[in-house]
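Everything on this sheet refers to the single structure shown next.
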Amino acid sequence: MADTLTVNLGERSYDIRFGDNLVDDVRSLVSRLEGEGRKVVALTDANVFRTQRDAIRAMCGGNPTSAVEAGENAKSLIGYGAVLDFLASQKLDRRGVLLAIGGGVIGDLGGFAAATWLRGIEFYQVPTTLLAMVDSSVGGKTGINITAGKNLVGAFHQPRGVFISTALLRTLPPREFAAGMAEVIKYGLLGDAELFAQLERTPLSTGSAELAGVIRRCCVAKARIVEADERETAATGGRALLNLGHTFGHAVENVAGYGSYLHGEAVAIGLHAAAILSQRLGNISEADVLRVVNTLEAHALPVRLRQPLSFSDLREAMLRDKKTRSGALRFVVMQKIGQAATRGDVPAELVEQSFAAVGAGR
Ligand SMILES: NC(=O)c1ccc[n+]([C@@H]2O[C@H](COP(=O)([O-])OP(=O)(O)OC[C@H]3O[C@@H](n4cnc5c(N)ncnc54)[C@H](O)[C@@H]3O)[C@@H](O)[C@H]2O)c1
Ligand SMILES: [Zn+2]
């Protein structure tokens, strides 16, 4: 049974459709667009193209599909250029439509290409990873990485629709599923104590009957946060809360080198660090930190650095991260499990202690 959630953003509003298999729904959309005389192209990556060939063919029909290299590397200036070259080669005009079929990399890269090609064309998201289903496909942030840091170049560009077809997850490697669970656990910690308790009690797996419901619950949470603060301009709280664990996590990804940790793995370590920071600030107990660690570990996620990274490198990476405001680091901390807040006044030694506790060295 398919059902729908509307993300209310005025004229940029769109629907997220949920179902076990939405291939036919995507196909009808494509046919409708073709009927309107609009050119449709699809972007995916090599792994998705290989493992979901039939689904992609069924969704796109004979429309041109470009499969870029799999992995974070595609989200680069070079990868972006290649997508623009593809759109140019297909002579996509301003009524053209891009389908981004893949994980967060394809959504961010395809979305950014759609945001900038001819100053912006429409695009749809068909997420194929758990992370993309619960997080990156919703909210309109698109972008690419440059040497100075992740996602430093990008645009807000809302999709026209999102199709969350959970059958696509059947081919997702377990390590990628776990990485997506880091974002799911993040939603529990930042705003949904009941969800966290459920995950703590019964860890989720690809086969869990609860999976579809949990994905929907995360999308509702993200949609509500994005509706209230679409461009992350709220002085406190707002969309920034979705960055729980990410100030630490992005620094880990940047210093270790993109690709050493999956985004979700870095976020898991970051959530642990954020829990320790919250405990040192007196907000949560040591027992709460342990609950966070146990729940991450029960979902096959790392909670400590595999190899020590230097604290000064991590600190520099955090300062380069765009989430800093006029040079001051802002952290998302837990007030309690299931409630987060932004803090701009965190003492540097507490940050260092939190990093040390997850394995950072001097
Ligand atoms: N825009 C946002 O709001 C937002 C939010 C969170 C994360 N992100 C970004 O998302 C990216 C991470 O996304 P991701 O974790 O989905 O990574 P990803 O897109 O690289 O996908 C992970 C891996 O799984 C493979 N894969 C994808 N779907 C598959 C399937 N159904 N079967 C088999 N293999 C499959 C991919 O080829 C890739 O190797 C990062 O770049 C991050 O910055 C963006
Ligand atoms: Zn994330």
Handout entry: Separation of the ALA356 and VAL220 label points, Cα + 7 Å toward Cβ, nm
Key = 4.3 nm
Practice task
Once you have the Cα-Cα distance between ALA300 and ALA234, take 0.36 nm times their residue separation minus that, and quote the gain in nm to one decimal.
Solution key: 20.3 nm
Handout entry: ALA287/LYS91 FRET efficiency (R0 56 Å; Cβ-Cβ; nearest 0.05)
Key = 0.40
Handout entry: Separation of alpha-carbon centers, segment 288-353 and segment 70-104, rounded to whole Å
Key = 33 Å
Exercise for the section: Write down the accessible area per residue of segment 184-300 in Å², having rolled a 1.4 Å probe over the full set of protein chains. Expected result: 35 Å²
Completion exercise
Note on the chain, DSSP bridge orientation, antiparallel percent to nearest 5 equals 40 percent
Handout entry: Residue among VAL41, TYR124, ALA223 farthest towards the positive dipole end of the chain, charges placed on Cβ
Key = VAL41
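Roll a 1.4 angstrom probe over the protein heavy atoms and tell me the percent of accessible area of the chain that is carbon or sulfur. Display every interim value, and only then the final one.
Values: 7280 of 14550 Å².
The C+S portion of the solvent-accessible surface of the chain is 50 percent.
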Exercise for the section: In nm, give the distance between the simple-model label positions of GLU227 and ARG175, each being 7 Å from the Cα along the Cα-to-Cβ direction. Expected result: 3.9 nm
Exercise for the section: Using the heavy atoms of the protein chains and a 1.4 angstrom probe, tell me the accessible area per residue for segment 1-82 in square angstrom. Expected result: 51 Å²
Problem - Relative packing of peptides 3-10, 103-110 - highest average C-beta neighbours within 10 Å first - result: 103-110, 3-10
Practice task
Please sort through the DSSP H helices of the chain and keep those with an alpha-carbon extent of at least 24 Å along the long axis and a Kyte-Doolittle average not below -0.5.
Solution key: 174-191, 211-228, 263-280
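Can you order the peptides 170-182, 245-257 by their average number of other Cβ atoms within 10 Å per residue, highest first? List each step's numbers first, then the result.
Working: 170-182: 19.2, 245-257: 24.3.
Descending mean neighbour count gives 245-257, 170-182.
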Fill in the blank from the handout: In segment 1-99, taking the dipole from +1 charges on Lys and Arg beta carbons and -1 charges on Asp and Glu beta carbons about the Cα centre, the listed residue (GLY96, ALA70, VAL7) farthest towards the positive end is GLY96
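The values are calculated or read from the model by the stated rules, or taken from the named source; none is laboratory data. If you're wondering where the values come from, they're calculated on a predicted model, not measured in any experiment. All Cβ positions, even for glycine, are placed from backbone atoms using ideal geometry, and neighbour counts span all protein chains on display. With ligands, DNA and RNA removed, areas are computed over all heavy atoms of the protein, side chains included. Shrake-Rupley method; radii C 1.70, N 1.55, O 1.52, S 1.80 Å.
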